[in-house]
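Presented below is the structure to which this report refers.
The values are calculated or read from the model by the stated rules, or taken from the named source; none is laboratory data. All of these numbers come straight from a predicted model, not from anything done at the bench. Reconstructed Cβ throughout: ideal geometry from the backbone, glycine too, with neighbour counts over all protein chains shown. We work out accessible area using only protein heavy atoms, side chains counted, and drop any ligands, DNA or RNA first. Shrake-Rupley method; radii C 1.70, N 1.55, O 1.52, S 1.80 Å.
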Amino acid sequence: MPEVCGSCVLLVDDDPSIRELLSIHLEKVGLRAIHAEDGIDALVRLRETLPGVIVTDMLMPRMTGWEFIAVVRRRFPTIPVVVISESIPIEFSESIKPDCWFEKSMLGFPEFVRTVNYLAQKAPNHIDLTQVISLPIRARLGSAGYIDLTCPDCLRSFEAASSQESTMPEQTAVCVYCQARVPFVIESSESE
């Protein structure tokens, strides 16, 4: 179970100088910054610490801000999300709507820090996590010994190699995106 840190802010941006600059301003008001270079890296950080606030860029490699926010809203719906981006879309879909957003070119640090600090102070001492079922995923062996799995952490699908000859009923694959361990069981393709 990850540690809950209401005074922590997860900064997700592929530009280390932006993360460092934001970190300096946030630490002046007593907030602790956790750095992540993109959405995948941020999901890995969330396995260890659940912050009071997440600040994310939208255009990043490996996992965009839109994808990342969609996962956060599904898995950690009570954590506030602040978007900082070069340009802000006119509309966000409800499933990825941030709590607030700032344009990087117009970013006023006092207003940004006040907003993030306010959200962090409102953060609960505990975070109700959506229930994650730890049962293995049921999968069917496909062509060439591969199976399709969906990672419960990053919600992305990937192919994994498997062997029906395995004596273990439950096997584990590692997500190619976020390195989460994904347990699975191969169902028999024979009709019974």
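Residues satisfying the criterion are absent from segment 50-63 (criterion: modelled with pLDDT under 90 and among the β-branched types (Val, Ile, Thr)).
Taking the criterion of being open to solvent by less than 60 Å² (accessible area, probe 1.4 Å), over 30 Å from residue 52 (Cβ atoms), modelled with pLDDT under 65 and in a loop (DSSP other than H, G, I, E, B), would at least one residue in segment 183-191 satisfy it? Looking for residues that are open to solvent by less than 60 Å² (accessible area, probe 1.4 Å), over 30 Å from residue 52 (Cβ atoms), modelled with pLDDT under 65 and in a loop (DSSP other than H, G, I, E, B), one finds at least one in segment 183-191, hence yes.
Residue-wise test of (1) at pLDDT 90 or above; (2) under 17 Å from residue 40 (Cβ atoms); (3) open to solvent by 90 Å² or more (accessible area, probe 1.4 Å).
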{"position": "70", "(1), (2), (3)": "yes, yes, no"}
{"position": "74", "(1), (2), (3)": "no, yes, yes"}
{"position": "77", "(1), (2), (3)": "no, no, no"}
{"position": "81", "(1), (2), (3)": "yes, yes, no"}
{"position": "87", "(1), (2), (3)": "no, no, no"}
{"position": "92", "(1), (2), (3)": "no, no, no"}
{"position": "98", "(1), (2), (3)": "no, no, no"}
{"position": "104", "(1), (2), (3)": "no, no, no"}
{"position": "107", "(1), (2), (3)": "no, no, no"}
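Examine segment 41-54 for a residue that is farther than 19 Å from residue 155 by Cα, surrounded by fewer than 23 Cβ atoms within 10 Å (Cβ to Cβ), in contact with a Pro (Cβ under 9 Å, 6 or more places away or on another chain) and charged (D, E, K, R), and state whether such a residue exists. Looking for residues that are farther than 19 Å from residue 155 by Cα, surrounded by fewer than 23 Cβ atoms within 10 Å (Cβ to Cβ), in contact with a Pro (Cβ under 9 Å, 6 or more places away or on another chain) and charged (D, E, K, R), one finds none in segment 41-54, hence no.
With respect to the conditions (1) modelled with pLDDT of 85 or more; (2) assigned to a loop (DSSP other than H, G, I, E, B), residue 120 lacks only one, and its number is (2).
Among the residues of segment 22-40, those that are touching an Asp or Glu at 6+ places or on another chain (Cβ under 7 Å) and either β-branched (Val, Ile, Thr) or open to solvent by 10 Å² or more (accessible area, probe 1.4 Å) (or both) comprise 33, 37.
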